[in-house]
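Okay, structure first, notes after.
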Amino acid sequence: MAQQLYRLALLNNGKEELYTAGSAIHGTGLFTYKALPIGTLICRLMNIGHELTPDEWFVGPFKWLNHAGRPNARITDDYALISISEIEAGDEICIDYGALPTINTEGITTEADNKKQSKTGINETRHAVNNIADVDFIKNPFYSFWMGGFECADQLNNAGIRVDLLTATRHLEFLNQDYARLKAFGIRTVREGICWSRVEIQPYEYDFSTVGIMLETGKRNGIQQIWDICHFGFPDGLSPLHPEFMQRFVSLCRAFALYHRQNYPEQVLIVTPINEVSFLSWLGGEVAGTVPYCRNMGWDVKYQLMKAYIEGIKALKLVDAGVLILTTEPLVNIVPPLEATPAEAEEARVAHLQQYQSLDILTGAICPELGGSADLVDLLGFNFYYNNQWLTNFEYFLPWLNEEPDPRWRPLHQLLEEAYLRYEKPLVLTETSHPGEDRPAWISFIAEQCETLLQKDFPLYGVCLYPIIDRPDWDNLSCWHHSGLWDRAADTGETASRILNVPYAEALMAAQILLRPYHSH
(Lines give C-alpha, C1' and ligand atoms only; values in the text may rest on other atoms or scores of the structure.)
Protein backbone atom coordinates (compact mmCIF):
# COMPACT_ATOMS: atom_id res chain seq x y z
CA MET A 1 0.00 0.00 0.00
CA ALA A 2 2.45 2.64 1.16
CA GLN A 3 5.02 1.65 -1.43
CA GLN A 4 2.50 2.60 -4.12
CA LEU A 5 1.75 5.99 -2.57
CA TYR A 6 5.22 7.40 -2.03
CA ARG A 7 8.58 7.61 -3.67
CA LEU A 8 11.88 8.31 -1.91
CA ALA A 9 14.22 11.14 -2.83
CA LEU A 10 17.84 10.40 -1.86
CA LEU A 11 20.98 12.48 -2.06
CA ASN A 12 22.71 11.56 -5.32
CA ASN A 13 19.87 9.06 -5.80
CA GLY A 14 21.35 7.17 -2.88
CA LYS A 15 24.44 6.09 -4.74
CA GLU A 16 27.42 5.70 -2.40
CA GLU A 17 25.47 7.50 0.34
CA LEU A 18 23.33 5.05 2.29
CA TYR A 19 23.34 1.31 2.73
CA THR A 20 21.71 -1.32 4.89
CA ALA A 21 23.63 -3.71 7.14
CA GLY A 22 23.26 -5.77 10.28
CA SER A 23 22.17 -3.72 13.29
CA ALA A 24 22.59 -4.47 16.98
CA ILE A 25 19.31 -2.68 17.65
CA HIS A 26 17.16 -4.68 15.25
CA GLY A 27 17.98 -6.98 12.36
CA THR A 28 18.90 -4.55 9.60
CA GLY A 29 19.63 -0.85 9.95
CA LEU A 30 20.25 2.15 7.71
CA PHE A 31 23.90 3.27 7.57
CA THR A 32 25.87 6.01 5.86
CA TYR A 33 28.99 5.53 3.77
CA LYS A 34 30.03 9.16 4.32
CA ALA A 35 30.29 11.44 7.33
CA LEU A 36 27.20 13.61 7.72
CA PRO A 37 27.53 17.00 9.45
CA ILE A 38 24.79 18.26 11.73
CA GLY A 39 21.78 19.45 9.73
CA THR A 40 22.37 17.29 6.65
CA LEU A 41 19.27 16.44 4.63
CA ILE A 42 19.71 12.70 4.32
CA CYS A 43 16.53 11.81 2.42
CA ARG A 44 12.87 12.76 2.12
CA LEU A 45 9.53 11.09 1.45
CA MET A 46 7.90 12.87 -1.52
CA ASN A 47 4.38 13.39 -2.88
CA ILE A 48 2.66 13.01 0.47
CA GLY A 49 -1.05 13.74 0.03
CA HIS A 50 -2.22 13.10 3.59
CA GLU A 51 -1.01 12.57 7.14
CA LEU A 52 0.80 9.27 7.46
CA THR A 53 -0.59 6.49 9.59
CA PRO A 54 1.78 4.30 11.65
CA ASP A 55 1.47 1.49 9.09
CA GLU A 56 2.56 3.83 6.29
CA TRP A 57 5.62 5.34 7.94
CA PHE A 58 8.34 2.82 7.35
CA VAL A 59 8.66 2.50 3.58
CA GLY A 60 11.66 2.24 1.29
CA PRO A 61 14.91 2.91 3.17
CA PHE A 62 12.83 4.52 5.95
CA LYS A 63 11.76 1.03 6.99
CA TRP A 64 15.35 0.33 8.11
CA LEU A 65 15.39 3.25 10.58
CA ASN A 66 15.75 1.91 14.10
CA HIS A 67 14.79 3.59 17.36
CA ALA A 68 17.46 4.80 19.77
CA GLY A 69 17.29 6.70 23.03
CA ARG A 70 20.17 8.85 21.77
CA PRO A 71 19.12 9.42 18.12
CA ASN A 72 21.43 11.03 15.60
CA ALA A 73 18.65 12.00 13.18
CA ARG A 74 15.02 13.08 13.19
CA ILE A 75 12.13 13.30 10.73
CA THR A 76 10.64 16.75 10.19
CA ASP A 77 7.01 17.72 9.63
CA ASP A 78 7.65 17.70 5.87
CA TYR A 79 8.97 14.13 6.05
CA ALA A 80 12.66 14.95 5.68
CA LEU A 81 15.28 12.88 7.50
CA ILE A 82 17.79 15.32 9.02
CA SER A 83 20.96 14.59 11.02
CA ILE A 84 20.84 16.16 14.50
CA SER A 85 24.42 15.28 15.45
CA GLU A 86 27.57 14.52 13.53
CA ILE A 87 27.27 11.04 12.06
CA GLU A 88 30.52 9.28 11.27
CA ALA A 89 31.03 7.20 8.15
CA GLY A 90 29.81 3.69 8.89
CA ASP A 91 27.45 4.78 11.68
CA GLU A 92 23.86 3.61 11.82
CA ILE A 93 21.24 6.33 11.38
CA CYS A 94 18.74 6.15 14.25
CA ILE A 95 15.67 8.14 15.19
CA ASP A 96 13.40 8.50 18.23
CA TYR A 97 10.12 6.79 17.42
CA GLY A 98 8.47 8.95 20.07
CA ALA A 99 9.37 12.11 18.11
CA LEU A 100 7.81 11.25 14.76
CA PRO A 101 5.72 14.24 13.61
CA THR A 102 1.93 14.25 13.99
CA ILE A 103 1.47 10.54 14.70
CA ASN A 104 1.51 8.21 17.67
CA THR A 105 3.85 5.31 16.92
CA GLU A 106 2.72 3.12 19.80
CA GLY A 107 2.21 -0.40 18.57
CA ILE A 108 4.48 -0.23 15.50
CA THR A 109 6.57 -3.09 16.82
CA THR A 110 4.36 -6.12 17.15
CA GLU A 111 4.62 -8.94 19.65
CA ALA A 112 5.61 -11.17 16.77
CA ASP A 113 8.54 -8.85 16.00
CA ASN A 114 9.69 -8.96 19.60
CA LYS A 115 9.76 -12.76 19.54
CA LYS A 116 11.38 -13.09 16.14
CA GLN A 117 14.35 -15.43 16.09
CA SER A 118 16.06 -16.78 13.00
CA LYS A 119 16.93 -20.40 12.43
CA THR A 120 20.59 -19.46 12.82
CA GLY A 121 20.06 -18.68 16.49
CA ILE A 122 20.17 -14.89 16.07
CA ASN A 123 18.04 -12.62 18.17
CA GLU A 124 16.43 -10.19 15.70
CA THR A 125 14.38 -8.36 18.35
CA ARG A 126 13.93 -4.62 17.94
CA HIS A 127 15.30 -3.17 21.16
CA ALA A 128 13.93 0.19 22.26
CA VAL A 129 16.75 1.98 24.05
CA ASN A 130 16.30 4.23 27.03
CA ASN A 131 18.28 7.39 27.59
CA ILE A 132 21.49 6.30 29.29
CA ALA A 133 20.94 8.79 32.09
CA ASP A 134 17.61 7.12 32.88
CA VAL A 135 18.95 3.57 33.20
CA ASP A 136 19.49 2.37 36.77
CA PHE A 137 22.91 0.72 36.64
CA ILE A 138 24.62 -1.06 39.49
CA LYS A 139 27.28 1.07 41.15
CA ASN A 140 30.76 0.59 39.73
CA PRO A 141 32.18 -2.15 41.99
CA PHE A 142 35.81 -1.97 40.88
CA TYR A 143 38.70 -0.64 42.95
CA SER A 144 40.32 0.89 39.85
CA PHE A 145 39.30 1.81 36.31
CA TRP A 146 42.52 0.35 34.90
CA MET A 147 42.91 -3.36 35.57
CA GLY A 148 45.47 -6.08 35.00
CA GLY A 149 44.74 -9.57 33.74
CA PHE A 150 46.99 -12.51 34.59
CA GLU A 151 46.81 -15.21 31.94
CA CYS A 152 45.31 -18.32 33.55
CA ALA A 153 44.41 -20.58 30.60
CA ASP A 154 44.65 -24.26 31.54
CA GLN A 155 43.16 -26.13 28.56
CA LEU A 156 44.53 -29.01 26.55
CA ASN A 157 46.11 -27.42 23.47
CA ASN A 158 45.90 -28.56 19.85
CA ALA A 159 48.46 -31.29 20.56
CA GLY A 160 46.56 -32.58 23.58
CA ILE A 161 49.09 -31.10 26.01
CA ARG A 162 47.82 -29.45 29.19
CA VAL A 163 48.85 -25.80 29.37
CA ASP A 164 49.16 -24.05 32.73
CA LEU A 165 49.93 -20.41 32.09
CA LEU A 166 49.82 -19.36 35.74
CA THR A 167 52.82 -21.63 36.16
CA ALA A 168 54.45 -20.83 32.81
CA THR A 169 54.41 -17.09 33.58
CA ARG A 170 55.64 -17.80 37.15
CA HIS A 171 52.82 -15.67 38.47
CA LEU A 172 52.11 -18.06 41.32
CA GLU A 173 55.76 -17.88 42.38
CA PHE A 174 55.96 -14.11 42.23
CA LEU A 175 52.40 -13.34 43.22
CA ASN A 176 53.30 -10.82 45.92
CA GLN A 177 55.80 -9.01 43.67
CA ASP A 178 53.39 -8.99 40.72
CA TYR A 179 50.71 -7.35 42.83
CA ALA A 180 53.14 -4.86 44.33
CA ARG A 181 54.28 -3.75 40.84
CA LEU A 182 50.75 -2.74 39.92
CA LYS A 183 50.64 0.02 42.52
CA ALA A 184 52.91 2.31 40.51
CA PHE A 185 50.20 2.40 37.83
CA GLY A 186 47.24 2.74 40.17
CA ILE A 187 45.98 -0.73 39.22
CA ARG A 188 44.06 -2.23 42.13
CA THR A 189 41.74 -4.64 40.28
CA VAL A 190 42.92 -7.80 38.52
CA ARG A 191 41.50 -10.77 36.65
CA GLU A 192 42.58 -14.16 37.97
CA GLY A 193 41.46 -17.76 37.45
CA ILE A 194 40.89 -20.62 39.87
CA CYS A 195 41.91 -23.18 37.17
CA TRP A 196 39.20 -25.83 37.18
CA SER A 197 41.65 -28.52 36.06
CA ARG A 198 43.78 -27.79 39.14
CA VAL A 199 41.21 -27.34 41.90
CA GLU A 200 39.01 -30.35 41.12
CA ILE A 201 41.21 -33.15 42.36
CA GLN A 202 38.55 -35.72 41.52
CA PRO A 203 34.89 -35.35 40.54
CA TYR A 204 33.05 -33.23 43.10
CA GLU A 205 36.10 -32.88 45.37
CA TYR A 206 38.13 -29.66 45.48
CA ASP A 207 41.38 -28.26 46.77
CA PHE A 208 41.28 -24.45 46.96
CA SER A 209 44.60 -24.10 48.78
CA THR A 210 46.34 -22.29 45.89
CA VAL A 211 43.31 -20.05 45.41
CA GLY A 212 43.47 -19.33 49.15
CA ILE A 213 47.06 -18.14 48.84
CA MET A 214 46.06 -15.89 45.95
CA LEU A 215 43.12 -14.46 47.93
CA GLU A 216 45.26 -13.77 50.98
CA THR A 217 48.00 -12.16 48.89
CA GLY A 218 45.44 -9.99 47.17
CA LYS A 219 43.97 -8.89 50.47
CA ARG A 220 47.41 -8.07 51.88
CA ASN A 221 48.21 -5.91 48.86
CA GLY A 222 44.84 -4.18 48.61
CA ILE A 223 44.12 -5.91 45.29
CA GLN A 224 40.58 -6.76 44.19
CA GLN A 225 40.34 -10.04 42.27
CA ILE A 226 37.81 -10.95 39.59
CA TRP A 227 37.65 -14.74 39.30
CA ASP A 228 37.29 -16.86 36.18
CA ILE A 229 35.91 -20.23 37.20
CA CYS A 230 36.57 -21.79 33.80
CA HIS A 231 39.19 -20.24 31.52
CA PHE A 232 39.16 -22.72 28.61
CA GLY A 233 40.27 -25.75 30.67
CA PHE A 234 38.34 -28.69 32.11
CA PRO A 235 39.50 -31.60 34.31
CA ASP A 236 40.91 -34.61 32.48
CA GLY A 237 38.20 -36.74 30.93
CA LEU A 238 35.55 -34.00 30.97
CA SER A 239 34.20 -31.98 28.05
CA PRO A 240 31.14 -29.80 27.44
CA LEU A 241 29.53 -32.74 25.64
CA HIS A 242 29.96 -35.09 28.62
CA PRO A 243 26.63 -36.00 30.28
CA GLU A 244 27.92 -34.83 33.69
CA PHE A 245 29.44 -31.54 32.50
CA MET A 246 26.72 -29.28 33.82
CA GLN A 247 26.48 -31.04 37.20
CA ARG A 248 30.26 -30.93 37.66
CA PHE A 249 30.40 -27.24 36.79
CA VAL A 250 27.48 -26.31 39.03
CA SER A 251 29.08 -28.21 41.91
CA LEU A 252 32.34 -26.31 41.37
CA CYS A 253 30.52 -22.97 41.37
CA ARG A 254 28.73 -23.82 44.58
CA ALA A 255 31.92 -25.04 46.27
CA PHE A 256 33.93 -21.95 45.30
CA ALA A 257 31.19 -19.57 46.44
CA LEU A 258 31.01 -21.37 49.79
CA TYR A 259 34.80 -21.26 50.19
CA HIS A 260 34.92 -17.56 49.42
CA ARG A 261 32.01 -16.66 51.68
CA GLN A 262 33.39 -18.64 54.60
CA ASN A 263 36.89 -17.14 54.33
CA TYR A 264 36.29 -13.64 52.93
CA PRO A 265 32.71 -12.69 53.83
CA GLU A 266 33.56 -8.98 53.70
CA GLN A 267 34.51 -9.12 50.00
CA VAL A 268 32.14 -8.78 47.05
CA LEU A 269 32.72 -11.84 44.89
CA ILE A 270 32.91 -10.94 41.18
CA VAL A 271 32.87 -13.96 38.90
CA THR A 272 33.15 -14.84 35.23
CA PRO A 273 31.70 -18.36 35.12
CA ILE A 274 33.16 -19.32 31.73
CA ASN A 275 35.55 -17.12 29.78
CA GLU A 276 34.77 -16.47 26.10
CA VAL A 277 32.11 -19.06 25.39
CA SER A 278 31.95 -17.88 21.77
CA PHE A 279 35.66 -18.47 21.22
CA LEU A 280 35.82 -21.68 23.23
CA SER A 281 32.92 -23.24 21.33
CA TRP A 282 34.63 -22.33 18.05
CA LEU A 283 38.04 -23.59 19.20
CA GLY A 284 36.77 -26.91 20.52
CA GLY A 285 33.69 -27.37 18.35
CA GLU A 286 34.68 -26.06 14.92
CA VAL A 287 38.46 -26.32 14.47
CA ALA A 288 39.37 -29.12 16.93
CA GLY A 289 41.85 -26.92 18.79
CA THR A 290 40.95 -28.15 22.27
CA VAL A 291 38.49 -30.42 24.07
CA PRO A 292 36.22 -31.87 22.71
CA TYR A 293 38.32 -31.68 19.48
CA CYS A 294 35.30 -31.52 17.17
CA ARG A 295 34.46 -29.96 13.83
CA ASN A 296 31.12 -28.58 12.71
CA MET A 297 29.74 -28.87 16.25
CA GLY A 298 30.29 -25.35 17.51
CA TRP A 299 26.62 -24.74 18.25
CA ASP A 300 26.34 -27.99 20.24
CA VAL A 301 29.37 -27.07 22.34
CA LYS A 302 28.08 -23.53 22.86
CA TYR A 303 24.65 -24.77 23.89
CA GLN A 304 26.07 -27.08 26.54
CA LEU A 305 28.50 -24.46 27.83
CA MET A 306 25.69 -21.94 28.19
CA LYS A 307 23.45 -24.49 29.87
CA ALA A 308 26.16 -24.96 32.51
CA TYR A 309 26.87 -21.20 32.64
CA ILE A 310 23.26 -20.36 33.50
CA GLU A 311 22.91 -23.06 36.14
CA GLY A 312 26.31 -22.12 37.55
CA ILE A 313 25.19 -18.51 38.09
CA LYS A 314 22.07 -19.71 39.88
CA ALA A 315 24.17 -21.91 42.15
CA LEU A 316 26.56 -19.03 42.93
CA LYS A 317 23.70 -16.70 43.81
CA LEU A 318 22.01 -19.29 46.01
CA VAL A 319 25.15 -19.37 48.14
CA ASP A 320 25.83 -15.63 47.98
CA ALA A 321 23.07 -13.37 46.66
CA GLY A 322 25.62 -10.54 46.38
CA VAL A 323 27.76 -12.27 43.76
CA LEU A 324 28.29 -10.09 40.68
CA ILE A 325 28.48 -11.74 37.25
CA LEU A 326 30.88 -10.29 34.68
CA THR A 327 30.68 -11.78 31.21
CA THR A 328 33.78 -11.84 28.99
CA GLU A 329 33.07 -12.37 25.30
CA PRO A 330 35.00 -11.45 22.14
CA LEU A 331 33.87 -8.23 20.44
CA VAL A 332 34.27 -8.52 16.69
CA ASN A 333 33.25 -6.97 13.38
CA ILE A 334 32.61 -9.37 10.52
CA VAL A 335 32.25 -7.75 7.10
CA PRO A 336 31.47 -8.74 3.50
CA PRO A 337 33.79 -8.19 0.54
CA LEU A 338 33.83 -4.77 -1.07
CA GLU A 339 31.07 -4.50 -3.67
CA ALA A 340 29.43 -7.50 -2.06
CA THR A 341 26.45 -9.25 -3.56
CA PRO A 342 23.26 -9.27 -1.48
CA ALA A 343 24.00 -12.88 -0.53
CA GLU A 344 27.51 -11.99 0.64
CA ALA A 345 26.23 -9.02 2.62
CA GLU A 346 23.61 -11.19 4.31
CA GLU A 347 26.18 -13.87 5.12
CA ALA A 348 28.38 -11.28 6.83
CA ARG A 349 25.41 -9.79 8.68
CA VAL A 350 24.41 -13.17 10.06
CA ALA A 351 27.99 -14.02 11.02
CA HIS A 352 28.40 -10.67 12.76
CA LEU A 353 25.24 -11.10 14.82
CA GLN A 354 26.18 -14.64 15.80
CA GLN A 355 28.85 -13.19 18.09
CA TYR A 356 25.98 -12.34 20.45
CA GLN A 357 24.53 -15.85 20.64
CA SER A 358 26.09 -16.65 24.02
CA LEU A 359 24.85 -13.44 25.61
CA ASP A 360 21.45 -13.80 23.95
CA ILE A 361 21.15 -17.27 25.51
CA LEU A 362 22.30 -15.93 28.87
CA THR A 363 19.76 -13.10 28.84
CA GLY A 364 16.93 -15.35 27.64
CA ALA A 365 16.53 -13.74 24.20
CA ILE A 366 17.05 -17.13 22.52
CA CYS A 367 16.89 -20.71 23.80
CA PRO A 368 14.49 -19.80 26.62
CA GLU A 369 14.33 -23.46 27.65
CA LEU A 370 17.75 -22.97 29.28
CA GLY A 371 16.37 -20.45 31.74
CA GLY A 372 18.40 -17.41 30.76
CA SER A 373 17.36 -14.01 32.05
CA ALA A 374 18.71 -10.46 31.85
CA ASP A 375 18.96 -10.32 35.65
CA LEU A 376 21.62 -13.05 35.58
CA VAL A 377 24.10 -10.50 34.16
CA ASP A 378 25.49 -7.56 36.11
CA LEU A 379 28.40 -6.39 33.95
CA LEU A 380 29.16 -6.91 30.26
CA GLY A 381 32.81 -7.62 29.55
CA PHE A 382 34.17 -7.60 26.02
CA ASN A 383 37.59 -8.65 24.77
CA PHE A 384 39.03 -6.69 21.86
CA TYR A 385 42.36 -7.15 20.08
CA TYR A 386 43.96 -5.73 16.95
CA ASN A 387 42.72 -8.65 14.80
CA ASN A 388 39.04 -8.58 15.83
CA GLN A 389 37.71 -7.29 12.48
CA TRP A 390 37.73 -9.60 9.51
CA LEU A 391 36.17 -10.61 6.23
CA THR A 392 33.64 -13.45 6.36
CA ASN A 393 35.34 -16.84 6.80
CA PHE A 394 38.56 -15.17 8.03
CA GLU A 395 39.69 -14.45 4.48
CA TYR A 396 41.21 -11.09 5.41
CA PHE A 397 41.73 -9.05 8.59
CA LEU A 398 41.03 -5.32 8.50
CA PRO A 399 44.09 -3.31 9.64
CA TRP A 400 43.35 -1.85 13.06
CA LEU A 401 44.58 1.68 12.31
CA ASN A 402 42.47 1.90 9.12
CA GLU A 403 45.20 4.05 7.56
CA GLU A 404 43.78 3.41 4.09
CA PRO A 405 40.15 4.15 4.92
CA ASP A 406 37.93 1.13 4.54
CA PRO A 407 34.21 1.87 4.98
CA ARG A 408 33.74 -1.56 6.55
CA TRP A 409 36.15 -0.87 9.44
CA ARG A 410 34.43 0.22 12.64
CA PRO A 411 36.01 2.03 15.58
CA LEU A 412 35.94 0.27 18.93
CA HIS A 413 33.60 2.80 20.47
CA GLN A 414 30.98 1.96 17.84
CA LEU A 415 31.25 -1.74 18.55
CA LEU A 416 30.90 -1.15 22.29
CA GLU A 417 27.93 1.13 21.69
CA GLU A 418 26.36 -1.61 19.59
CA ALA A 419 26.77 -4.08 22.44
CA TYR A 420 25.43 -1.64 25.01
CA LEU A 421 22.37 -0.84 22.91
CA ARG A 422 21.62 -4.55 22.74
CA TYR A 423 21.73 -5.30 26.47
CA GLU A 424 21.84 -1.99 28.42
CA LYS A 425 24.33 -3.20 31.03
CA PRO A 426 27.52 -1.48 32.24
CA LEU A 427 30.54 -2.20 30.05
CA VAL A 428 34.07 -3.37 30.82
CA LEU A 429 36.83 -3.84 28.26
CA THR A 430 37.99 -7.08 29.88
CA GLU A 431 40.90 -7.92 27.57
CA THR A 432 43.02 -5.82 25.26
CA SER A 433 46.65 -5.71 24.18
CA HIS A 434 48.95 -5.74 21.16
CA PRO A 435 52.14 -7.75 20.68
CA GLY A 436 55.56 -6.24 20.11
CA GLU A 437 56.50 -2.67 19.36
CA ASP A 438 52.93 -1.47 18.72
CA ARG A 439 51.95 -1.81 22.38
CA PRO A 440 52.19 1.98 23.03
CA ALA A 441 50.22 2.92 19.91
CA TRP A 442 47.56 0.35 20.74
CA ILE A 443 46.92 1.59 24.29
CA SER A 444 46.75 5.16 22.99
CA PHE A 445 44.16 4.05 20.43
CA ILE A 446 42.18 2.24 23.14
CA ALA A 447 42.21 5.32 25.38
CA GLU A 448 40.94 7.55 22.58
CA GLN A 449 38.14 5.12 21.83
CA CYS A 450 37.20 4.94 25.50
CA GLU A 451 37.18 8.72 25.75
CA THR A 452 34.71 8.94 22.87
CA LEU A 453 32.45 6.46 24.66
CA LEU A 454 32.74 8.21 28.03
CA GLN A 455 32.04 11.61 26.48
CA LYS A 456 28.68 10.19 25.40
CA ASP A 457 28.00 9.07 29.00
CA PHE A 458 28.10 5.38 28.22
CA PRO A 459 28.72 3.35 31.41
CA LEU A 460 32.26 2.11 30.77
CA TYR A 461 33.50 0.87 34.16
CA GLY A 462 37.02 -0.25 33.35
CA VAL A 463 39.76 -1.40 30.97
CA CYS A 464 41.81 -4.53 31.63
CA LEU A 465 45.31 -4.89 30.17
CA TYR A 466 45.44 -8.55 29.23
CA PRO A 467 47.93 -9.96 29.73
CA ILE A 468 49.59 -7.66 32.23
CA ILE A 469 52.57 -10.07 32.33
CA ASP A 470 53.71 -11.53 29.00
CA ARG A 471 52.40 -14.96 28.04
CA PRO A 472 53.47 -17.78 25.73
CA ASP A 473 51.45 -19.17 22.86
CA TRP A 474 49.19 -22.03 23.94
CA ASP A 475 50.20 -24.23 21.04
CA ASN A 476 53.90 -23.33 21.13
CA LEU A 477 54.96 -22.66 24.70
CA SER A 478 58.44 -21.55 23.62
CA CYS A 479 56.97 -18.62 21.66
CA TRP A 480 56.18 -15.58 23.81
CA HIS A 481 53.85 -12.83 22.58
CA HIS A 482 55.62 -9.78 24.08
CA SER A 483 52.23 -8.23 24.72
CA GLY A 484 52.37 -7.49 28.44
CA LEU A 485 53.19 -4.34 30.35
CA TRP A 486 56.01 -6.47 31.72
CA ASP A 487 57.99 -8.97 29.67
CA ARG A 488 59.44 -12.12 31.14
CA ALA A 489 63.05 -11.98 32.31
CA ALA A 490 65.40 -14.94 32.15
CA ASP A 491 64.17 -17.75 34.39
CA THR A 492 67.32 -18.09 36.48
CA GLY A 493 66.91 -18.62 40.20
CA GLU A 494 64.70 -16.82 42.64
CA THR A 495 65.70 -13.41 41.30
CA ALA A 496 63.85 -14.04 38.03
CA SER A 497 61.73 -10.95 37.54
CA ARG A 498 59.88 -8.86 35.01
CA ILE A 499 61.12 -6.34 32.49
CA LEU A 500 58.93 -3.24 32.22
CA ASN A 501 58.23 -2.19 28.64
CA VAL A 502 58.96 1.50 29.09
CA PRO A 503 57.26 2.86 25.93
CA TYR A 504 54.12 0.92 26.83
CA ALA A 505 54.30 2.21 30.41
CA GLU A 506 54.66 5.81 29.27
CA ALA A 507 51.73 5.46 26.86
CA LEU A 508 49.65 3.87 29.61
CA MET A 509 50.31 6.76 31.97
CA ALA A 510 49.33 9.22 29.24
CA ALA A 511 46.15 7.21 28.66
CA GLN A 512 45.37 7.30 32.36
CA ILE A 513 45.74 11.10 32.40
CA LEU A 514 43.45 11.36 29.35
CA LEU A 515 40.65 9.33 30.96
CA ARG A 516 41.04 10.47 34.57
CA PRO A 517 38.35 13.20 34.29
CA TYR A 518 35.76 10.55 33.44
CA HIS A 519 36.10 8.26 36.45
CA SER A 520 36.66 8.65 40.16
CA HIS A 521 39.33 5.97 40.67
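The values are calculated or read from the model by the stated rules, or taken from the named source; none is laboratory data. Please read all numbers here as calculations on a predicted model, not as lab measurements. Glycine gets a Cβ as well: all are built from the backbone with ideal geometry, and neighbour counts include every protein chain shown.
In the range 444-473, how many are closer than 17 Å to residue 385 by Cα and assigned to a loop (DSSP other than H, G, I, E, B)?
5
It is to be established whether one or more residues within the range 476-483 are touching a helix residue (DSSP H, G or I) at 6+ places or on another chain (Cβ under 8 Å), in contact (Cβ under 8 Å) with a residue 24 or more places away in the chain, among the hydroxyl-bearing types (Ser, Thr, Tyr) and not in a loop (DSSP other than H, G, I, E, B).
no
I need the full set of residues from the range 144-172 which are crowded, with 21+ Cβ neighbours inside 10 Å and of a type outside the set (A, V, I, L, M, F, W, C), in order please.
Answer for the range 144-172, where residues must be crowded, with 21+ Cβ neighbours inside 10 Å and of a type outside the set (A, V, I, L, M, F, W, C): 148, 149, 151, 154, 155, 169, 171.
Output the residue which, of all residues in the range 243-266 that are touching a residue at least 24 places away in the same chain (Cβ under 8 Å) and assigned to a loop (DSSP other than H, G, I, E, B), is nearest to residue 462 (Cα to Cα).
In this case the residue turns out to be 264.
For residues that are farther than 22 Å from residue 298 by Cα and of a type outside the set (A, V, I, L, M), scanning just the range 223-253, find the one that is farthest from the chain's Cα centre (by Cα).
By that ranking, first place goes to 251.
To keep it simple, each residue is scored yes or no on (1) farther than 20 Å from residue 231 by Cβ; (2) in contact with a Pro (Cβ under 9 Å, 6 or more places away or on another chain); (3) outside the structural domain of residue 157 (by TED's automatic domain parsing).
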{"site": "467", "(1), (2), (3)": "no, no, no"}
{"site": "472", "(1), (2), (3)": "no, no, no"}
{"site": "476", "(1), (2), (3)": "no, no, no"}
{"site": "487", "(1), (2), (3)": "yes, no, no"}
{"site": "498", "(1), (2), (3)": "yes, no, no"}
{"site": "503", "(1), (2), (3)": "yes, yes, no"}
{"site": "507", "(1), (2), (3)": "yes, yes, no"}
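Of the numbered conditions (1) assigned to a helix (DSSP H, G or I); (2) touching a strand residue (DSSP E or B) at 6+ places or on another chain (Cβ under 9 Å), residue 225 fails exactly one; give the number of that condition.
With respect to (1) assigned to a helix (DSSP H, G or I); (2) touching a strand residue (DSSP E or B) at 6+ places or on another chain (Cβ under 9 Å), residue 225 is out only on (1).
Could you figure out which of (1) buried (at least 16 other Cβ atoms within 10 Å of the Cβ); (2) modelled with pLDDT of 95 or more; (3) out of contact with any helix residue (DSSP H, G or I) (no Cβ under 9 Å at 6 or more places or on another chain) isn't true of residue 458?
Of the numbered conditions (1) buried (at least 16 other Cβ atoms within 10 Å of the Cβ); (2) modelled with pLDDT of 95 or more; (3) out of contact with any helix residue (DSSP H, G or I) (no Cβ under 9 Å at 6 or more places or on another chain), the odd one out for residue 458 is (3).
So residue 103 ticks every box in (1) out of contact with any Asp or Glu (no Cβ under 9 Å at 6 or more places or on another chain); (2) at pLDDT below 95; (3) in a loop (DSSP other than H, G, I, E, B); (4) farther than 17 Å from residue 421 by Cα but one. Which box is left unticked?
(1)
Of the residues that make up the range 441-452, is at least one surrounded by fewer than 18 Cβ atoms within 10 Å (Cβ to Cβ) and aromatic (Phe, Trp, Tyr)?
There is no residue in the range 441-452 that is surrounded by fewer than 18 Cβ atoms within 10 Å (Cβ to Cβ) and aromatic (Phe, Trp, Tyr).
What number goes with the only condition from (1) closer than 18 Å to residue 153 by Cα; (2) in a strand (DSSP E or B); (3) in contact (Cβ under 8 Å) with a residue 60 or more places away in the chain that residue 428 does not pass?
Of everything listed in (1) closer than 18 Å to residue 153 by Cα; (2) in a strand (DSSP E or B); (3) in contact (Cβ under 8 Å) with a residue 60 or more places away in the chain, residue 428 misses just condition (1).
What number of residues in the range 173-212 are free of Cβ contacts under 8 Å to residues at least 40 places away in the same chain and of a type in the set (A, V, I, L, M, F, W, C)?
2
If you check residue 289 against the conditions, is it at pLDDT 95 or above and in contact with a Leu (Cβ under 6 Å, 6 or more places away or on another chain)?
Answer is yes for this residue.
State the number of residues belonging to the range 252-311 that are surrounded by fewer than 18 Cβ atoms within 10 Å (Cβ to Cβ) and β-branched (Val, Ile, Thr).
2
Please specify each residue of the range 173-184 satisfying the condition of being surrounded by fewer than 22 Cβ atoms within 10 Å (Cβ to Cβ) and not aliphatic (A, V, I, L, M).
173, 174, 176, 177, 181, 183
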